Amino acid sequence: MRCFVTSAASPTRNIRRHDLVATVMGFGPPLLLIHGLGSDRSVWRPILPSLSEHFTTVTVDLPGHGESGWLEPTPPTFTPAEHAQALKPLIDEFGGSMHVAGNSMGGWVSLEVAANGWARSVTALCPAGLEFDPWVSRNDLLVNNYRVSNFLGPTVAPATELVARVPGLRDLIMGYATVDFDSLDLSLLGASADAMRQARGFYACHDGMLDLLFTRADDVPDDTAVAVVWGTQDLLIVPERQRRVAAPRHAKWIVLDRCAHVPMWDQPERTLEIIRQTAGV
């Protein structure tokens, strides 16, 4: 079973910058890790110890997620481009540019960061925003998960871990996120469900992706290395429906077998390798 172990050699500290909360650990060039919609920084746990041997990792909770603040009054929408702008004070803390890796909505945000000129490299894991057509309505799977997590309240984490032990049921409910239940630390699924419950910005951030696509590939500098990674068994963002031409021209396009929507869960070693190769570290 994979689990998260903090190396004694890697000091860990939490920081707050402009209402963003992040955990900093490790040594080396700074690497910003950006989670997806309804998630939080705990999603990176399987690869954090190894990443921190090569990078100063900065795992952040996006606005309206985890421990980070949210806007009052709540805006009707909050786009990936606005997320990128919100991350700027944190990026400035680390010299104005960082290596960046993001998953799902966070992958789209990482591409926006690169288009703004603030990324040394980008690894976009199953990113939103590259489809042939944008989402025009709320995703039923994500919305149902959000509603269930709020209905169950604090019991959602143990309930999720219990469901994850039932093969047919877990595949139906969670199969879009992972295909490797047998070797996954099930506490990750519980933490993920609880993060969804606490995502105050869920609807605004979801709606901020409607009727939009990532359109700034030409703004990403040619010397910013980019890797776009897909999972063959991703049921949420299907690889075959993505436009390679929507990514920067020089981007590597990588497809991982036996991998669903969260590559750092299903293929942690390969994900680590791709991030390091893209960053040149």
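No value in this document is a laboratory result; all are computed from the given coordinates. None of these values were measured; they are calculated from a predicted model. Quick reminder, even Gly has a Cβ in these numbers, built from the backbone with ideal geometry, and neighbours come from all protein chains shown.
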**Report entry** Order by protection proxy (mean Cβ within 10 Å, highest first), peptides 133-140, 219-226
**Finding:** 219-226, 133-140
Requested in this report: Fewest Cβ neighbours within 10 Å first, please rank TRP265, TRP70 accordingly.
Outcome: TRP70, TRP265
Query raised in the report: Using 1/(1 + (r/R0)^6) with R0 = 35 angstrom and r between the beta carbons of GLN277 and ASN150, what's the FRET efficiency to the nearest 0.05?
Result: 0.30
Report task. Any chance you could run the full-extension gain for PHE132 through PHE27? It's 0.36 nm times the residue separation minus the Cα-Cα distance, nm to one decimal. Result -> 33.9 nm
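What does the charge count near ARG244 come to, summing +1 for each Lys or Arg and -1 for each Asp or Glu among other residues with Cβ under 14 Å from its Cβ?
+2
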Query raised in the report: Mind listing the Cα extents of region 128-216 along all three principal axes, in Å, largest one first?
Result: 40, 26, 20
Query raised in the report: If each residue's Cβ is checked for other Cβ atoms within 10 Å, how do VAL143, VAL21 rank with the fewest at the top?
Result: VAL143, VAL21
Report summary line: Expected max-MSF residue from LEU210, LEU125, LEU169 in the GNM of the chain (alpha carbon, under 10 Å) is LEU169
**Report entry** Debye intensity ratio in log₁₀ form over the Cα atoms of region 156-262, taken at each q of 0.10, 0.11 Å⁻¹
**Finding:** -0.40, -0.48
Query raised in the report: Once you list every other residue whose beta carbon is under 9 Å from the beta carbon of LEU189, what net charge do they have if Lys and Arg are +1 and Asp and Glu are -1?
Result: -1
**Report entry** Structure-derived mean projected area of the Cα convex hull in nm² - corresponding label in (i) 13.2; (ii) 16.7; (iii) 14.5
**Finding:** (i)
Query raised in the report: Using the Karplus equation 6.51 cos²θ - 1.76 cosθ + 1.60 (θ = phi - 60°), what ³J(HN,Hα) coupling, rounded to whole Hz, does each residue of region 135-144 give in order, writing x for Gly and Pro?
Result: 5, 10, 8, 5, 6, 4, 4, 5, 5, 5
Report summary line: Most fluctuating of LEU111, LEU71, LEU130 in the GNM of the chain (C-alpha, under 10 Å) is LEU71
Requested in this report: In whole angstrom, note down how far apart the Cα centers of region 204-281 and region 86-124 are.
Outcome: 13
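Rounded to the nearest 5, what is the percent of antiparallel bridges among the DSSP beta bridges in region 12-279?
Details: 13 of 38 bridges.
Antiparallel bridges make up about 35 percent of those DSSP assigns within region 12-279.
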**Report entry** Ranking of HIS261, HIS206 by count of other Cβ atoms within 10 Å, fewest first
**Finding:** HIS206, HIS261
Query - Cα-based equivalent ellipsoid of region 36-145: semi-axis lengths in Å, sorted from largest, via gyration tensor - result: 23, 16, 16
